[in-house]
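Just so you know, all these numbers are worked out from the coordinates, no wet-lab data involved. None of these values were measured; they are calculated from a predicted model. Note: ideal-geometry Cβ built from the backbone for every residue, glycine included; neighbour counts use all protein chains shown.
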Amino acid sequence: MNVQHGLNDSREDLGKIAATLRRWIIEQSFASKVGHIGAALSVVDAIAVLWGAVLRQPGTKHPDRDRFILSKGHAALALYSVMRWKGLLDEETFRGYCQDGSRLGVHPEVSLPGIDASTGSLGQGLSLGCGMAWGLRLRGSSARVYVLVSDAECNEGQLWEAVMFAAQHRLTNLTVVVDLNGLQALGSTGAILDMEPLGEKWRAFGWECREVDGHDLQRLTSALSAAAGDRPRVVLARTILGKGVSFMEGRFEWHYRPLDDALYATALRELKAA
Amino acid sequence: MRTTLIETLVDLARVDERIMLLTADLGWNVVEPFLQAYPDRFVNVGVAEQNMLGIATGLALVGYVPYVYSIATFSSMRCYEQIRNGPVLHRLPVRIIGIGGGYAYGHAGPTHHALEDLALARTQPGLSVVVPADREQLRSVLLALRDLVGPAYLRVAKSSVPAVAGLHGRFAWETPELVRPGRDLLLLCTGEMAHPTLQAADMLFSEGLAPAVAVLAHLGFRPGRALTSLLSRFETVVAVEEAFVTGGLGSLAAETIAEGGLRSRLMRCGVAAGLAEHSGSTEYLRSRSGLTAAGLARRISEAFQRKRMAA
């Protein structure tokens, strides 16, 4: 069976998709009174590009589908939003986000059809991605594996174990996106555990590294859909936590904080005006 | 036992192409036959147990059955969260091999003494914990694993272990195997403790006691029916394991007695003190914890004399 791209959208369409996803993230996090909004808004452009233009048959049961692991699981609302847009989640299920008995929690679980791996404990997703990429290559599949990690997640030692493994075994069917928003739960990444120069670290570990503006849909698309080289690829996506909502942008408290009525109205107004 | 493990895996992997073997840089002079037979299905991930468990999870997510190999301390504790969030949470057929539980790596010191691996593994309801008592039982366990959908933790003896008389390789899930009949008390043992326990039974027999001996290889998350039924037949049960006395076989026996409303009195033989503070051989460290045939026989005999005096 041929494996098709999810969609061949024009850049403009990807922009519309991302705008829709942002609105859904704000609406649903407010309705469910759940935080982690900043992270979802920071990765939503990368997720729109991946699911809208890069991944082949994502979220299906096709054995040769491209896999997607949201290793920074706390941004799951962005993933649920793109799954809703793809028709993999109906609106009612989506609206059940974080309700008792729902399969849509703060972090994604494989019990929800379309999710390739359960995540939530930082630093573990890339190891799963290595296993998948190795196994898929071994059985002759053309499927590719994409893992989205956070910048603070690069604090975890296990991540670097996986980075070394992927380079050692030339897992060229593996791509990592680092959501480089510069903020972690309690402050700025530079002040807590400075990972810079992060690109040089990945290159030194044997990866092909590209650095892009993580909200530039065109650059993201070309970085993520470029033909595989001779080593695994990492795309450092420089992003802004809470991107698209002025009072959230670059403010670490929006890692956790939920919206109140007044801020919700402001956020929606800003997103509609954009 | 390690050689039997690899030989059996080589056989199984011939018909089951999903089987893979991962090691975290351990198993010199042990794992090579698998590497030679299936170079594509073997990898040394380096000294990186957490990553190894993650890789195994990823492999299982795309259809493989990975065996991961390390010393019991490292494959159970170093990557415990990865076991839980990986094969347990995803319900995948990853087989975690812990080589040399208890004091098998005696002189290597406490960092290498796996005394809590059974307790840690047993607390995960989705993880099957198995401690084969000899080579034949290990083979039976590996055959039984072919049909197990979820993950398993296998504690496998480092060195060769004498065949357990009367066991004949029998293994069934949650089932204690009676290897010596007796009426006065039950010695319930697991893994490498089967042999000294049987020897202790001989010593007790010469003192006029008639102990039964049963080998339990699968330590279930909850008491099983077969174990409840067996324990209900004895006033005195002695659990023998090479591990801390909390969380493993002794705890399972206690839970079985308590929840089953049984009248049995329980004695737990295992490691009751803390981590070793002195260097020593396996035999030395076992004897300090009373985990030799003579040590077991002495402790059980004394307990029985006290019981008789009290009666």
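The table for this structure:
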{"quantity": "Cα-based Lys proximity count in chain A, under 23 Å, for pairs eight or more positions apart or on separate chains", "calculated": "14"}
{"quantity": "Within 10 Å of each Cβ in B:41-51, the average number of Cβ atoms from other chains", "calculated": "5"}
{"quantity": "Extension gain from A:Ser188 to A:Glu270, taking 0.36 nm per residue of separation minus the Cα-Cα distance", "calculated": "27.0 nm"}
{"quantity": "Within 10 Å of each Cβ in A:120-127, the average number of Cβ atoms from other chains", "calculated": "5"}
{"quantity": "Length gained when the stretch B:Val47-B:Arg18 is fully extended (0.36 nm per residue, less Cα-Cα span)", "calculated": "8.0 nm"}
{"quantity": "Cα-based equivalent ellipsoid, chain A: semi-axes from gyration tensor eigenvalues, Å", "calculated": "27, 22, 17"}
{"quantity": "Sequence ranges B:134-145, A:92-103, B:256-267, ranked by mean other-Cβ count within 10 angstrom, highest first", "calculated": "B:134-145, B:256-267, A:92-103"}
{"quantity": "Equivalent ellipsoid semi-axes - Cα gyration tensor, the range B:2-156, angstrom", "calculated": "20, 18, 16"}
{"quantity": "Relative contact order of the range B:177-310, defined on C-alpha pairs under 8 angstrom at six or more residues apart (%)", "calculated": "26 percent"}
{"quantity": "Acute angle (nearest 10 degrees) that the helix B:249-259 long axis makes with the longest principal axis of chain B, alpha-carbon atoms", "calculated": "60 degrees"}
{"quantity": "Using alpha-carbon coordinates, inclination of helix B:2-15 to the longest axis of chain B, degrees", "calculated": "50 degrees"}
{"quantity": "Leading residue at positive end of dipole, the protein assembly as shown (Cβ point charges), from A:Val145, A:Ser118, B:Ala294", "calculated": "B:Ala294"}
{"quantity": "Chain A: relative contact order in percent, alpha carbon pairs under 8 Å with at least 6 residues between", "calculated": "23 percent"}
{"quantity": "Distance between modelled label sites at B:Ala163 and A:Arg95, nm, 7 Å Cα→Cβ extension", "calculated": "6.9 nm"}
{"quantity": "Taking chain B and dividing mean pair separation by its residue count, relative contact order in percent (alpha carbons under 8 Å, at least six apart)", "calculated": "15 percent"}
{"quantity": "Residue order, fewest to most beta carbons within 10 Å, for B:His278, B:His195", "calculated": "B:His278, B:His195"}
{"quantity": "Degrees between helix B:135-144 axis and first principal axis of chain B (Cα, 0 to 90, nearest 10)", "calculated": "60 degrees"}
{"quantity": "Distance histogram for the protein assembly as shown (every C-alpha pair counted, 20 angstrom bins, percent rounded to whole numbers)", "calculated": "20, 44, 27, 9, 0"}
{"quantity": "The range B:102-167 and the range A:89-110: distance between their alpha carbon centers, rounded to Å", "calculated": "39 Å"}
{"quantity": "Ranked by how many other beta carbons lie within 10 Å on average, peptides B:75-82, B:176-183 from highest", "calculated": "B:75-82, B:176-183"}
{"quantity": "Net dipole in debye of chain A [+1 Lys, Arg Cβ; -1 Asp, Glu Cβ; about Cα centre; nearest 20]", "calculated": "640 debye"}
{"quantity": "In Å, descending, principal axis extents of the Cα set of the range B:177-310", "calculated": "42, 36, 29"}
{"quantity": "Cubic angstrom per residue, convex hull over Cα atoms of the range B:89-147", "calculated": "96 Å³"}
{"quantity": "Ascending count of other beta-carbon atoms within 10 Å, so fewest first, for A:Glu208, B:Glu32, A:Glu161", "calculated": "B:Glu32, A:Glu208, A:Glu161"}
{"quantity": "Computed label-point distance, nm, for sites B:Ala294 and B:Arg233 using a 7 Å Cα→Cβ extension", "calculated": "3.3 nm"}
{"quantity": "Helix-derived mean residue ellipticity, 222 nm - over chain B, DSSP H n ≥ 4, -39500 (n - 2.57), to 500", "calculated": "-10500 deg cm²/dmol"}
{"quantity": "Given charges at beta-carbon only (K, R positive; D, E negative), |dipole| of the range B:24-177 in Debye", "calculated": "140 debye"}
